[in-house]
Structure formats: structure tokens, C-alpha cells
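K.L.:
Sharing a structure with you now.
The values are calculated or read from the model by the stated rules, or taken from the named source; none is laboratory data. On a predicted model such as this, the values are computed, not experimentally measured, just so you know. Note: ideal-geometry Cβ built from the backbone for every residue, glycine included; neighbour counts use all protein chains shown. Surface accessibility is based on the protein's heavy atoms, side chains included, excluding ligands, DNA and RNA. Shrake-Rupley method; radii C 1.70, N 1.55, O 1.52, S 1.80 Å.
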Amino acid sequence: MPPMKKLFIFCFPTFLFFACQNTETSKAVKITGTIENPVSKNATIRYGDSTLIAEVVDGKFVLNFELTQPEMVTFKHGPESGGLYLEPGDNVTLFLNPAEFDETLRLAGDGAEESNYLLAKYLLNEKYNEKRKETFSSTPAKFAASMDKIKTENNQHLETYSSANQNMNSDFITNEKSSILYTWATSKINYPAYYPYYAGDEAPELELEDDYLSFMDKIDLNDETAFENNRQYAQMTNAYINSMGQKAGDGLDNLAGMFEAASSKIKSDKIKSGILSKTLTNFLNYNDATGAEKYVEMFNKMSLDEKQKKSIGDTYATAMKLLKGKPAPTFNYTNTKGKAVPLEALKGKSVYVDVWATWCGPCKREIPHLKELEAQYHENEDIVFMSVSIDKMEDKEKWLKMVEEKELSGIQLMADNDWKSSICTDYAIRGIPRFLLIDKDGNIMDKNAPRPSSKEIKEVMADLAQPKITSMK
């Protein structure tokens, strides 16, 4: 679920998450791979909480692991990755040319059909991903027609592929039919929120019928099996409740609206607590937590999941340390010349911190706006611009090269442990770009400051640049 303070960009879901009941024992799965012109020394599989790495020697590798149930796994080589569906006992061969990763990644052997279907489905929908700005900025009628076309093409693809591959798992096919419907519904739910972003400020105001979301009346919101086993169902349900919260307003009003919608629309306690745990987590990570204790207590009374409750408790404790006016958690990272720059050394100045990485597309799109903002306040000694990269240490040269090529100014630092660096853990940073504002006393001004491309940051910076006048009596 997107944070309530910021709009996250929608992408058409690539792969479904599919699982069925556990078998009694795990069974070996083997992937024997051939990579034409490898771009990395390793091939990686991620499944559940596990990561398995195999060395690529002369373009060959073997990955052996065990599964207790059908699972979506992620195969990675070099900078790109693809989703595969595997079952216990599968023995497949993998073929790849990294120069055309998506077009050439294919499996063969026992258990290959479902993965190849998903890989083909990705290519089918890639053209729609490329047109998402055009799609989400179109009129309601054109948007609805586009969504119906995508749903029809995906259903036809599934029917054609499954007819030609009789060995496909029947549960997989049933689950995939549902996933196509849930993806269609999620897109329609998100349309009102994404339209202004893609259409721009000068676009006509979106006019929708009062019963725009009535298509959701035909979808069961209490299907616990689907909520646990189908990622698209969970995304759709979260998006639906999130849309109810957006109607209620911002901040705590938004949070209250989502709690009310979940209680009125969903009877299943498992689904309610699953949605609201994400809701609370996002709210606490991105917003001022003042007044949120009420909803933490409401969640604890409703949820029977002790793990969820502990996670919410930990998140709330961190959020309370990040309230406006609280001491900003310190960090000390090195700049491009290897010199350490501790945050506390900048006391007496307002600090605007950009947490980013060279691989992050949205981060790079903010760079021109950040440079423009820096140039505007270049001569103001009371404002400091700091950028902290969370690239992996092995990619330090990429970071140094980008800093040089893009002529990045301000204080450029590299964190010491990518996502596990203290700046991420202490500031509850789960996604980037993320911007922080720290005041002259070294206290938090905003743990989720406006982006450089926003109108809001211009107002904030103008206020910071104004000399503060102390009245004389």
C-alpha cells in the first residue's frame, strides 16, 4: 500500500504469487543453466527468505535447493531478474542471453511450462507498462477500454498457452485466471489517484460516477485463501481500502478512514489485520506518529497475530523517536574523497538529505530538480544539501562515476551497508528516494520531506532562507 503522504507510481504487476498447501516433506529442485556471454560470475535464486548463489563457470551453473510447496522464485544474473514458478521435484534447464534478458530467459524440462507462460506474459504486458502515462492520463471511457483490452488479451494468452501445454498445473491455471481479474480491478481502483500525477496540473479535472467502484461489489473481499496465496488479490484488497482512506482526507483522517473501511467492508479478521498492519506500518514510517497510538491499540485488540503486533509495536517505537523536534539520529559516512562527514558536524545549518542509489530510476529523475534547488540556494550558508547513496560497497565505482558525470554538488556521501546502514534503519527508510529535513539544532524537521520536484519544497526552502528576526524589548 502506498504511503499516505506520497504517491507511489503504479506498474502493471508482472508475476503472480502462487502457493498451495504444504506437502509433508520437501523435495529437491534442480536448475541447470546455460548463459550466453555472462555478465556476472554468479547466478542467484531467491525463494521465501532464502537466497542461493551458484558460480557461473564457462557459461554454466547448477542450482540445487528444496521446496515443500509450489512457489514463485526470482532468478537473477547481473542487474536483471525474472520470476519463475517451480514445484517440489522440478528438474529444469535454463537458457539466457543477458543482452536480451527478458526475450531469451526460458526453461525446458519437467516443470517448465508455468514459468515460460509467466515469462511470455511479462513480454505481453511490457508494451502496456511503456504506455502507462498515456493510459492513466486518458479519459475515464478510454481508460476503461484500455483495461478491458488488457484483461481480454491476458485471458486469451492464458487460454491459448494452457491449451497448447496440457501438463500445466490446473490449480496454477485457476489461480492465474483470478489474478488477471484482480490486476484489472487494482488498476481501476488506482486510476482516480494516479490520473492527476500522469495528466499534470493543466489536465481537466477527473469526473467519475458516484458508483465508480461498484465493480468491486462482485468480488469477494473475505477470501482468506486468496489473500494468503495470491499477491494480486492482496494488492487489490489493499488498494480498495486505501482508496476509502483517501476519501477521508490526509494524515490521521486518512488512517481513520482506512480503519473504518476495513471494519465495514471486510468480515475476515485475518484479512483485516493483514491490511491494517500494512496500513499502520506505512503510516508510521512516512508520517508524524502523533495521535497514532489510538490506532495501534485498536490494531492490537483486533489482531490475533503476535508477530504482527510485535512488528507494529517496534515500528511505532521507532516512529516516536522520529517526531518533529526529536534529536535526529546521527550517521557518519565518507565522501567521494574518503573523508568522514558526521551529521553532527553540520549543526547550526539546516540540512536537506537525499537518500538515493545509482540503480534507482525515481531517484535519478529527481536529480535535475535537486540541482536546480541547490543552485538557487548555493550562496546561502545556512542551508546544506547532502546526498547519501545506499549503493552496495561493491558498486562504489558506479557511484563515484555518476557523481562525476552528473556533476552532483552538495555533500556526496556513501552509506556503509546499503539497506542495513544506520540511516535506513534509524529513519525507517523502506524505499527510495527519501528526503529528510534536519534543523539547525540537529533535530528532525521532517522525516519524509517533500521531493525536489514538488511545489512544497520550494515553500519550505524559501522559509528556511528567510532571516529569523528576534524582537527586541
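K.L.:
Provide, in order from the shortest bin, the percent of all Cα-Cα pairs of segment 307-441 in each 5 Å bin, continuing until the bin that contains the maximum pair distance.
P.N.:
Bins of 5 Å from zero give 2, 9, 19, 23, 21, 14, 7, 3, 1, 0, 0 percent of pairs.
K.L.:
Taking only the alpha carbons of segment 120-173, what extent do you get along each of the three principal axes, in Å, biggest first?
P.N.:
Principal-axis extents of segment 120-173 (Cα, largest first): 42, 19, 16 Å.
K.L.:
Along Cα→Cβ, 7 Å out, is where each label goes; now give me the distance between the ones at LYS347 and LEU206 in nm to one decimal.
P.N.:
Between LYS347 and LEU206, the label points sit 4.7 nm apart.
K.L.:
Over all distinct alpha-carbon pairs, what is the Kirkwood Rh of the chain in angstrom?
P.N.:
Numbers: mean 1/r = 0.0402 Å⁻¹.
One over the average 1/r among Cα pairs gives 24.9 Å for the chain.
K.L.:
Nearest 10 degrees is fine. How inclined is helix 396-405 to the longest principal axis of the chain, computing both from alpha carbons?
P.N.:
For helix 396-405, the angle is close to 60 degrees.
K.L.:
Scan around TYR377 for amide H atoms under 5 Å from its own, H built in the peptide plane at 1.01 Å from N, and keep only partners 5 or more places away or cross-chain.
P.N.:
The answer is none.
K.L.:
To continue, here is another question. Between THR104 and SER263, how many nm apart are label points set 7 Å from Cα along the C-beta direction?
P.N.:
5.7 nm
K.L.:
What do you get for the angle between helix 306-321 and the principal long axis of the chain? Use alpha-carbon atoms, 0 to 90 degrees, nearest ten.
P.N.:
Helix 306-321 sits at roughly 20 degrees to that axis.
K.L.:
Still on this model: Using a probe radius of 1.4 Å on heavy atoms only, what accessible surface per residue do you get for segment 288-372? Whole Å² is fine.
P.N.:
Working: 4760 Å² over 85 residues.
So segment 288-372 comes to 56 Å² accessible per residue, rounded to a whole number.
K.L.:
Excluding residues fewer than 8 places away in the same chain, name every one of the aspartates and glutamates whose C-alpha is closer than 15 Å to that of LYS440.
P.N.:
GLU344, GLU381, ASP382, ASP463
K.L.:
Setting aside same-chain residues fewer than 8 positions from LYS265, which lysines have a Cα under 23 Å from its Cα?
P.N.:
LYS188, LYS218, LYS247, LYS278, LYS294, LYS301, LYS309
K.L.:
Follow-up. Regarding segment 238-324, what are the three Cα extents along the principal axes, ordered largest first, in Å?
P.N.:
On the principal axes, segment 238-324 reaches 34, 30, 18 Å in Cα extent.
K.L.:
Still on this structure: Note down the nm distance, to one decimal, between modelled labels 7 Å out along Cα→Cβ at ALA164 and at ASP305.
P.N.:
Using points 7 Å along Cα→Cβ, the separation is 3.9 nm.
K.L.:
What length, rounded to one decimal in nm, is gained on full extension from ASN335 through to LYS27, with 0.36 nm per residue of separation minus their alpha-carbon distance?
P.N.:
Numbers: separation 308, 0.36 × 308 = 110.88 nm, distance 4.86 nm.
Residue separation times 0.36 nm, minus the Cα-Cα distance, leaves 106.0 nm.
K.L.:
Here is a follow-up. Could you give the length gained by full extension between GLU397 and LYS270, i.e. 0.36 nm per residue of separation minus their alpha carbon distance, to one decimal place?
P.N.:
Extra length available between GLU397 and LYS270 comes to 41.1 nm.
K.L.:
By how many nm would the segment from GLU126 to GLU459 grow when fully extended, if each residue of separation counts as 0.36 nm and the alpha-carbon distance is taken off?
P.N.:
Length gained between GLU126 and GLU459: 116.0 nm.
K.L.:
Along segment 138-143, what does the Karplus equation 6.51 cos²θ - 1.76 cosθ + 1.60 (θ = phi - 60°) give for ³J(HN,Hα), rounded to whole Hz, x for Gly and Pro?
P.N.:
Rounded to whole hertz, the list is 7, 5, x, 5, 5, 4.
K.L.:
Here's another thing I want to ask about it. Taking the 0 to 90 degree range and rounding to the nearest ten, how far is the long axis of helix 251-265 tilted relative to the main principal axis of the chain, both from C-alpha atoms?
P.N.:
The helix 251-265 is inclined about 30 degrees to the chain.
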